[in-house]
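No lab work stands behind these numbers, since they all come straight from the coordinates. All values derive from a computational prediction rather than experimental measurement. Note: ideal-geometry Cβ built from the backbone for every residue, glycine included; neighbour counts use all protein chains shown.
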Amino acid sequence: MTGRDLRLVAPACVAWAVAWVLTLVTEWSLVVAIALSVVAFASIVLSRRRAVAAVAVAASAGVLVAVAVCAALPGRESDALDEAAEVGGVVEATVELTQNPRIVTASFGPWADDAESTRVRFDAVLREAEVAGSTVRGAIPVQVVGAVDGALPVIGSRVTATATVRVSEPGDSSAYRLFASESIALVAPPPGFLGWADPLRSGFRELTATLPGGGGELLPGLAIGDTSRVSTELDEAMKVSSLTYTKLRRLK
């Protein structure tokens, strides 16, 4: 590795450090962006030396990350959903699946003894929700837990659910968790440009189903973005090691 290559280490480390901090305290994103902007500007103005220029580049990398987080925040938050989460309120939500459902083996809710329902968990974006008389619209990332009667929905499908809402833990890919109190209902199949690929995804899942260990669970996600085979145990282990599957999927 040459000296020029090593100059990239500091900006990369600063960018990763800022990203890690802001996954835990996202509300600091604007403050961090301003502070690092001041550092970068001061470094450029006050000195022409290479060492100080390196500080400016590293600070600029951190600014880019902080600005990206700051720009994404409005799309992840909702005052109405926050209030509903505080009081245990119920929402009528319409969501679009971004992940094929994972079957949940643990019993929960009113379907614990219902053999006709399949208990599932999946990631989605919240398109619309009725919350205490107000309507929330957008593309808020959520995780839905509930039961489905009949065939499972697939990526791109729209479903509705009557659910209680909880704020997700810092660092989670979802902003909220929705726990359905009634069966999740399909309202629209995936659009054509997504629906045609579902048989291909299903075939790939079947081919990789016999592969052993965590690698077999991860392969569909790395190849086609399907994390439905990732077990709860593996997901938790990856979070502990700061290597969530969401990060792996973005490396595709």
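Quick look at the values:
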| read-out | value |
| --- | --- |
| Nearest-0.05 FRET efficiency for W16 and S181, computed from C-beta distance (R0 45 Å) | 0.65 |
| Relative contact order computed over segment 79-193 (Cα-Cα under 8 Å; 6+ residues apart), in percent | 30 |
| Distance (nanometres) between label positions extended 7 Å along Cα→Cβ at R127 and I34 | 3.9 |
| Estimated FRET transfer efficiency (E77, E233; beta-carbon r; R0 35 Å; 0.05) | 0.70 |
| Packing-based order for 122-128, 183-189, using average beta carbon neighbours within 10 Å, highest first | 122-128, 183-189 |
